[in-house]
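> Supplied in structure tokens, the structure appears directly below.
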Amino acid sequence: MPANLTPEFLKAREQFHAAQTPQEKLIALEEMLTTIPKHKGTDKMQADIKRRIAKLRDSRLPKKHGKSAAFDHIAREGAGQVVLIGSPNSGKSSLLAALTNAHPEIANYPYSTIIPVIGMMNFEDVPIQLIDLPPITLEYTEPWVYNLIRQSDLALFLLDGSASEDLSSAVEEILLLLEERHIQLAKSASEEEETRVKVVPCRIVLTKGDLADHRTATEELTLIFPVLSTSATTGAGLDALRQEVFTTLRIVRIYTKLPGKPPDLTEPYTLPVGSTVLDAVKAVHREFVDKLKYVRIWGSGKFDGQQVPSDHELQDKDIIEIHLS
Ligand SMILES: Nc1nc2c(ncn2[C@@H]2O[C@H](COP(=O)(O)OP(=O)(O)OP(=O)(O)O)[C@@H](O)[C@H]2O)c(=O)[nH]1
Ligand SMILES: [Mg+2]
């Protein structure tokens, strides 16, 4: 198939060859990528331009011991760590900006995100850490992206709901790349776990719901993972997404109170679903465990203020009053 290159593209290519600095080269390459006719005949050229862009961006990052910069670990903050993953331009950075106070770079060209960007999202009174990542593609993926996914509690898999491509095969392609690195995305973390493989719960987020030609969840997609539709522009679907993230993280929040005083409802302790009264006491203060006399509980389907054994399983929003000897 002939490439049918446009005059705009040829001009951008000339600028690329004339470019003196990495910055000028990058600008020209991005222009080439925007103006190149998008069809099968230019697939290889497009991939080549993307690779060059990624390489140039990479060379602008601070170097560590001569190797490219790596972000192999991000300290967990809040009740859970959630990564935003997907193809270029799927709307990851836009979603981070819509859900948190972070200001990531957002652009209509691919690979606009080159380093992880962190933001804190609130679901009601629970802070949850979101990490916006560079895209995952066959052509080029930052190697440390996989490490951050492996360490996360949940992956949100973003799909551009306005794209014409086959969304389920786009998902399958990325799932394979992850599997090669021993990461298995799954509906829940409780599925059978091989030792070498890290299972990370996953939800699909269909983005750009405000665009007239946006797609809704197909049965094929929902068979892979539960699907949520959103728009970073209008905010549609964002509340449901916050709720789903909280539910999928499987955490309960616990408030504490002092005898005779009202409970402190400002900052809950967050614990995994299934945690006991003793786990909560430990979370409040390690040393309380040895001195523990009894705990009274509010919520939990119990009479308010009822005394409960230390192996009592906590429910979301329980309030505990710890009595020490
Ligand atoms: N109309 C509309 N456009 C959106 C929405 N979300 C993202 N976009 C646009 O889609 C383009 C890509 O958005 P980004 O958030 O930069 O995408 P990304 O997934 O972070 O891209 P990379 O970092 O390159 O992987 C930008 O032009 C955004 O303005 C949305 O909800 N509605
Ligand atoms: Mg981005």
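The values are calculated or read from the model by the stated rules, or taken from the named source; none is laboratory data. If you're wondering where the values come from, they're calculated on a predicted model, not measured in any experiment. FYI the Cβ positions are ideal-geometry reconstructions off the backbone, even for glycines, and counts take in every protein chain you see.
> Of all the residues that make up region 65-103, how many are farther than 30 Å from Pro268 by Cβ and away from ligand 1 (no atom under 14 Å from the Cβ)?
Looking only at that region, the number is 7.
> Continuing with the same structure: Strands (runs of 3 or more DSSP E) wholly in region 233-325 with at least 3 residues that are surrounded by fewer than 15 Cβ atoms within 10 Å (Cβ to Cβ) - which ones?
Passing ranges, in order: 264-272.
> Out of the residues in region 104-123 that are under 27 Å from Thr270 (Cα atoms) and free of Cβ contacts under 8 Å to residues at least 60 places away in the same chain, which is nearest to ligand 1 (Cβ to nearest atom)? Even if it seems obvious, please write down each step before you answer.
Kept after step one, since they are under 27 Å from Thr270 (Cα atoms), are these residues of region 104-123: 116-123.
Restricting the remaining residues to those that are free of Cβ contacts under 8 Å to residues at least 60 places away in the same chain gives 116-120.
Numbers: Pro116: 11, Val117: 9, Ile118: 14, Gly119: 13, Met120: 18 Å.
It comes out as Val117.
> Another one. For region 222-229, does any single residue satisfy the condition of being over 19 Å from Lys92 (Cβ atoms), part of a loop (DSSP other than H, G, I, E, B), away from ligand 1 (no atom under 11 Å from the Cβ) and of a type in the set (Val, Ile, Thr)?
No.
> Ok, one more. Could you tell me how many of the residues in region 209-227 are surrounded by 12 or more Cβ atoms within 10 Å (Cβ to Cβ), touching a residue at least 24 places away in the same chain (Cβ under 8 Å) and not aromatic (Phe, Trp, Tyr)?
11
> From Lys55, Lys50, Lys25, grab the single residue that is farther than 18 Å from Pro135 by Cβ and either basic (Lys, Arg) or touching a Pro at 6+ places or on another chain (Cβ under 6 Å) (or both).
Unique residue meeting the criteria: Lys25.
> For Leu206, work out the one condition from (1) assigned to a loop (DSSP other than H, G, I, E, B); (2) within 12 Å of ligand 1 (Cβ to nearest atom); (3) surrounded by 13 or more Cβ atoms within 10 Å (Cβ to Cβ) it doesn't fulfil.
(1)
> Return the residues of region 212-249 that are more than 16 Å from ligand 2 (Cβ to nearest atom), at pLDDT 95 or above and over 13 Å from Phe123 (Cα atoms); say none if nothing qualifies.
Scanning region 212-249 gives Phe225, Pro226, Val227, Leu228, Ser229, Ser231, Thr234, Gly235, Ala236, Gly237.
> Answer with yes or no whether Asp210 is out of contact with any strand residue (DSSP E or B) (no Cβ under 9 Å at 6 or more places or on another chain), over 22 Å from Glu139 (Cβ atoms) and assigned by TED's automatic domain parsing to the domain that holds Ser93.
yes
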